[in-house]
Amino acid sequence: MFEMPSGAEIQSIISILKGGAGYFVPEIYLSALFMVLIILDLVTGRKNGRFLAMVTIAGLVGSLFYIFKQQAMPDTEFFFGMYALDRFGIFFKYFFVASGILAVLTTMIDTPLKKQESGMGEYYALLVAMVIGMMMMASSTDLLMMFLAMELVSLSAYAMTGYLKREIRSSEAALKYLVYGAVSSGMLLYGFSLLYGMTAQTNLTRMAMVLTMHQYDPLVMIIAVVLIMAGLGYKMGAVPFHFWSPDVYEGAPTPVTAYLSVGSKAAGFAMLMRFFFVAVPHHGMDMNVSPLQIDWLSILMLVSAASMIYGNVVAIWQKNVKRLLAYSSIAHAGYLLLGIITMDQLGTQSVLVYLCAYLLMNYGAFYVTILIANHTGSETIEDYKGLGKRMPLVGAAFTVFLISLVGLPPAFGFIGKWMIFTALLGKGDLFMWLALIGILTSVISLYYYMLIPLNMYLRESERQDESEIDTGLGAKLVTAVLMILTLLFGIFPQSLINYAKYSSALFGALLN
Amino acid sequence: MLSLIVFLPIIAGLVILAVPASQKQIIRIVSLVAALAQGVLAVLIWRHYDPTMAGIVAAPGGSPVGSFQLIERIPWITLDLGTFGPLRIEYFLGVDGISITMVLLTALISIIGILSSWPIQKQVKGYFILYNLLATAMMGCFVALDFFLFYVFWELMLLPMYFLIGIWGGPNREYAAIKFFLYTLFGSVFMLLVMIGLYFSVIDPLTGQHTFNLVAMADQANYIKGAILGPDSVTWRYVAFIVLFVGFAIKVPMFPFHTWLPDAHVEAPTPISVILAGVLLKLGTYGMMRINFPLFPEVFQAGMYVIGVFGAINIIYGAFCALAQQDLKKMVAYSSISHMGYVLLGLAAGNSEGMLGALYQMFNHGTITAMLFLLVGVIYDRAHSRQIDKFGGLASYMPVYAGVVTVAWFASLGLPGLSGFISEALVFVGAFREPITRPIAIVSVLGIVFGAAYLLWSLQRMFLGKRKPDALYELEVDAHGHEHIHFHDWKGKLDLDARELTMLVPLGIIVIALGIYPMPVMGLLTTSINKLVQVLAPVAMSAVH
């Protein structure tokens, strides 16, 4: 079956790889950073957390330069069609580097992680590995590569979740995450193998060509799509693949929770968009199209509606802020899916804008949660009583982030929601109902999000301690910057809207 | 100029941000200066305003800014919608007769509110920052002529209001604050969907592009056939009208969406009650006049009777509830519901008299209710109670207070010679003229009787008759046989002090002056109201189709 390639063939493979490497610079650079971090950890002592954090941030900022240089390159597929360099991928590269930097910043203020005896060396290395993995998830154009990228993200994430080795909750979360992750990876892989069985292709574009030209068994196709959806849904934290998320979010170190809820979720969405838009072509809600193509759309619709309803309703009863944000992130997966099911460029564009808003507001919310937990030692909403007075900036910023999560103007989250609803309306009655669900659940979300300002501002602490809590200059700066950006982009979103349009143009031709 | 009047308070808020929290006096003065500057600007705008220009809608084929004045218009957000063409959102401000009336009212009430906030001691810095944010949002709503911009200002009001009730409110403030927030948000999120739907259905005649421009939206000729809210999409147009109407009706508040209002008022601190009743409620009816009705005139024509019936329910039900209240503030809150019913009734008539009365009533209700709430605040400051039956014979110890109360109370019940009379009379004339609303008008007249009943009854119980020296206050007889009254919780002057008079006297003068000579305000709005009636009339619509 498998023949050893001849010398000439090996030569040509190597030259192709060399050619492709030119398009792969940010990933190579970050892999180097990954190794540098491991070596630095070995040569510096145990108390090197701060130093390594600085190196990581500097390294991630440096990678922006290489990503920026890619903007001048044309769209291309390389490594035998395994991987792509395109505007969509570049957008997500920026996005994941930003989320990586924010993850480091949140880690630097987290007390439990700072006290970690075994040092932070592997942590930052894993964090960088995850950035690489997420970038690859967004840019892979081949089933095998997609799976590998996703596993790279997952494996790093398991280890990071369990990083607080002495903390039983952290270990429990890691184990749960691992078990769920293994199952959904298996499902994803099974779905991929079915697709491969039908098309004999692993490259997404070629697969799409085969699918449009040949007959295939719709049942197998549906099974494959559902399985793949399960694998991706797990990454996105959408209902009904969400079961891991509240426990993992609660148990994991908070910076890791934030990182998972933004980074790996966004990576899941990037992969979902590329997979569904490219591999399983769709021709809108035209009933003349073969049933299969509508089917995956209706699956996504159901998942979206279920996520919005379930996430927002269950969040009402949460007492722990991290759990509350976990359910809220399930709900946001639902809103993001709304943008995808519109199946047009505006929808895709609005998903990208929404993700940017989500990056700022969700990281912001977790950042201030950590700041508060550092001083109260608690993530229970009850313990937030009277904190608004004691931490004025944190309180104001938290309120802004929550308002943005609800989707109220003038915060950035409103722009995201408004764009998604704009993309939905005018698409037909079914989409109108989804928009209605989205709107109604937003009102519900106001209630539980407002529980936090309610406790911070409207209730007095029993402890009668009125002294202002100092969070440190750096933390104040980060909080203020995140808050100001959330408001600034809410009022002046034009540049981001334009950039998102530019980045989603790739699918514009495919979809419209 | 309009940008300045809108954003002055927020600039003051930013200045306050830099002031240390301990400098309470500076914070108050900065806010007051901003509000006064806003007032000066409002007066300048008023002087500058040309009442012969109608506004409301662009002339057919004319400029998309219509005959609005003081226009500011710059592109804000552009979104490419593929086949639909670009979506343009503008920062578009302007005034016509409807909005300038409300701008004047807002500026006036903002100043009163700041003066009334002077005694607040709790977290002064936060309070005034939120207050200023609220002031900007209110003013912005009244001058925004782009639906998106309007929506942003509209939603911006919610958060400061939530905190102002929730932090500085009474014992049950948590419940009242979240109830207010959820109710109004529920109303407004659906507005978002209608707004997007409208965008898909309206084309700016000059550029040929879709627009959020409210002036263009008010012209039925600009709607596209076949669009979701186009002229032939009857069902969706009804749905959209109802959705918008409910959104605005919650703010008015119209029965059965009124239940948040008494809670909010009872818990809110006095200045916030003043703002709430004086300005915020008007946003509901303003939204109907600016957006709801002109955008869907045929649905308005079909729904006039229903709107009128709800107006009548508001008038009578509100009056009955007021009659039953023991808490003076709750009584005033229900009287607000009753009086906003007149506005609805006037709007339902759909003719010049009714609409004119409705808008004039909005202005008058703003000034009169502000007085009522301030006066309730005065007695609550002194006695820490608002229970009507705990008081008696107050007039003999607080004669000035009793005098001002009498003016306000009589203005509220619509005594001729005071401003409330003219607007209510106009509303009834308008409603009576239309055969469709005539029976409603006849029934609603009962509301005036009940209104007189609860107002006079409370006046009589609290200010006349026997004194009730009990838990709240006691009488001392000095050596000369003179009686003195002492509220337990009050160390200051018993009767109105200078600050309270500064707030109440100008309002009183306005109420009396506009009752005798209404033209300063009425003259502003007549042209615009006539234009609005024309836009809403069935004739205008049939000309289009």
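The values are calculated or read from the model by the stated rules, or taken from the named source; none is laboratory data. Predicted, not measured: the structure shown is a model, and the values here were computed from it. As a convention, Cβ positions derive from the backbone with ideal geometry for all residues, glycine included, and neighbour counts pool all protein chains shown. Note: areas computed on protein heavy atoms with side chains; ligands, DNA, RNA excluded. Shrake-Rupley method; radii C 1.70, N 1.55, O 1.52, S 1.80 Å.
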*Say the cut-off is 21 Å between C-alpha atoms; which of B:Lys125/B:Lys179; A:Lys322/A:Lys385; A:Lys476/B:Lys24; A:Lys417/B:Lys125 go over it?*
B:Lys125/B:Lys179; A:Lys476/B:Lys24; A:Lys417/B:Lys125
*Which ³J(HN,Hα) values, rounded to whole Hz and listed in residue order, are derived for segment A:470-475 from phi using the Karplus coefficients 6.51, -1.76 and 1.60 in 6.51 cos²θ - 1.76 cosθ + 1.60 with θ = phi - 60°, glycine and proline given as x?*
8, 9, x, 5, x, 4
*Could you list which residues have their amide H under 5 Å from that of A:Val239, counting only those 5 or more apart in sequence or on another chain, with H placed in the peptide plane?*
A:Ser307
*Cα centroid distance between segment A:463-498 and segment B:158-230, in Å?*
27
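At 1.4 Å probe size, put A:Arg169, A:Arg459 in order of accessible surface, largest to smallest.
Details: A:Arg169 95, A:Arg459 70 Å².
Ranked list, largest accessible area first: A:Arg169, A:Arg459.
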*Residue-span extension gain [B:Ala498 to B:Asp50] - 0.36 nm each, minus C-alpha spacing*: 157.6 nm
*For the protein assembly as shown, what is the charge dipole size about the Cα centre, in debye to the nearest 20, if Lys and Arg each add +1 at the Cβ and Asp and Glu each add -1 at the Cβ?*
1080
*Taking the dipole about the Cα centre of the protein assembly as shown, with the C-beta of Lys and Arg at +1 and of Asp and Glu at -1, give me whichever of B:Ala319, A:Thr441, B:Leu375 is farthest to the positive side.*
B:Leu375
*Which of the aspartates and glutamates could a cross-linker span from B:Lys330 if the Cα-Cα distance has to be under 20 Å and same-chain partners fewer than 8 positions apart are dropped?*
B:Glu174, B:Asp263, B:Glu267, B:Asp381, B:Asp389
*asked:* If DNA, RNA and ligands are ignored and the probe is 1.4 Å, what is the ranking of B:Lys531, B:Lys493 by accessible area, most exposed first?
replied: B:Lys493, B:Lys531
*Note, ³J(HN,Hα) from phi for segment A:145-151, Karplus 6.51, -1.76, 1.60, rounded to Hz, x at Gly and Pro*: 4, 4, 5, 4, 4, 5, 5
*Name the long-range amide H neighbours of B:Gly392: under 5 Å, sequence gap of 5 or more, or other chain; modelled H, no Pro or chain starts.*
B:Lys468
_For chain B, what does the helix formula give at 222 nm: sum of -39500 (n - 2.57) over DSSP H segments with n ≥ 4, over the residue count, nearest 500 deg cm²/dmol?_
-22000 deg cm²/dmol
_A:Val226 versus B:His384: modelled label distance in nm, points set 7 Å from Cα along the beta carbon direction_ = 6.7
*Once amide H atoms are placed 1.01 Å from N in the peptide plane, what residues at a sequence separation of 5 or more from A:Lys427, or on another chain, have their amide H within under 5 Å of its amide H?*
none
*Cα to Cα, under 15 Å, and not fewer than 8 places away if on the same chain: which aspartates and glutamates meet these conditions relative to A:Lys427?*
A:Asp286, A:Asp344
*Summed residue charge, Cβ within 15 Å of A:Ala396's Cβ, Lys/Arg positive, Asp/Glu negative*: +3
_Taking the solvent-accessible surface of protein heavy atoms with a 1.4 Å probe, what is the per residue accessible area of segment B:365-466 in Å²?_
35
*To the nearest 20 debye, what charge dipole does chain A have about its Cα centre, counting +1 at the Cβ of each Lys and Arg and -1 at the Cβ of each Asp and Glu?*
780
*In deg cm²/dmol and to the nearest 500, what is the mean residue ellipticity at 222 nm of chain A if only DSSP H runs of at least 4 residues count, each as -39500 (n - 2.57), divided by the residue total?*
-25000 deg cm²/dmol
*How high is the relative contact order of chain A, in percent, counting Cα pairs under 8 Å that sit 6 or more residues apart?*
14
*Cross-link partners among aspartates and glutamates for A:Lys235, C-alpha distance below 14 Å, same-chain residues fewer than 8 apart left out?*
A:Glu151
_Per residue of segment B:216-227, what does 6.51 cos²θ - 1.76 cosθ + 1.60 with θ = phi - 60° give for ³J(HN,Hα)? Whole Hz please, x for Gly and Pro, Karplus curve as stated._
5, 5, 6, 9, 5, 5, 8, 7, 8, 5, x, 6
_Unit charges at the beta carbon, dipole of chain B: most positive-side option, B:Gly278, B:Ala453, B:Phe148_ = B:Ala453
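Hey, what D do you get for segment A:311-512 in µm²/s if you plug the Kirkwood alpha-carbon radius into Stokes-Einstein at 4 °C and 1.567 mPa s?
Stokes-Einstein gives a translational diffusion coefficient of 74 µm²/s.
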*So what's the net charge close to A:Tyr83: Lys and Arg +1, Asp and Glu -1, counting the other residues with Cβ under 11 Å from its Cβ?*
-4
*asked:* With a 1.4 Å probe and all protein chains kept in place, how much accessible area does A:Ser185 have, in Å² rounded to the nearest 10?
replied: 10
*Interface size A-B, as summed buried accessible area [1.4 Å probe, Å², nearest 100]*: 3500
*asked:* Can you list which of the DSSP-assigned H helices in chain B have a Cα extent of 24 Å or more along the long axis and an average Kyte-Doolittle score of at least 1.0?
replied: B:2-18, B:24-48, B:97-117, B:124-143, B:173-201, B:234-251, B:297-324, B:438-463, B:498-516, B:519-536
*asked:* Just to check, using Stokes-Einstein with a Kirkwood Rh over alpha carbon pairs, what's the diffusion coefficient of chain A at 4 °C and 1.567 mPa s in µm²/s?
replied: 56
*Got a sec? Charge dipole of segment B:296-545, +1 on Cβ for Lys and Arg, -1 for Asp and Glu; which of B:Ala513, B:Gly417, B:Leu359 is way out at the positive end?*
B:Leu359
*Size of electric dipole in segment B:1-141: Cβ of Lys, Arg +1 and of Asp, Glu -1, about Cα centre, debye, nearest 20*: 600
*Using Cα pairs closer than 8 Å and at least 6 residues apart in sequence, work out the relative contact order for chain B, in percent.*
15
_Could you order the peptides B:98-106, B:516-524, A:388-396 from most to least packed, using the average number of other C-beta atoms within 10 Å per residue?_
B:98-106, A:388-396, B:516-524
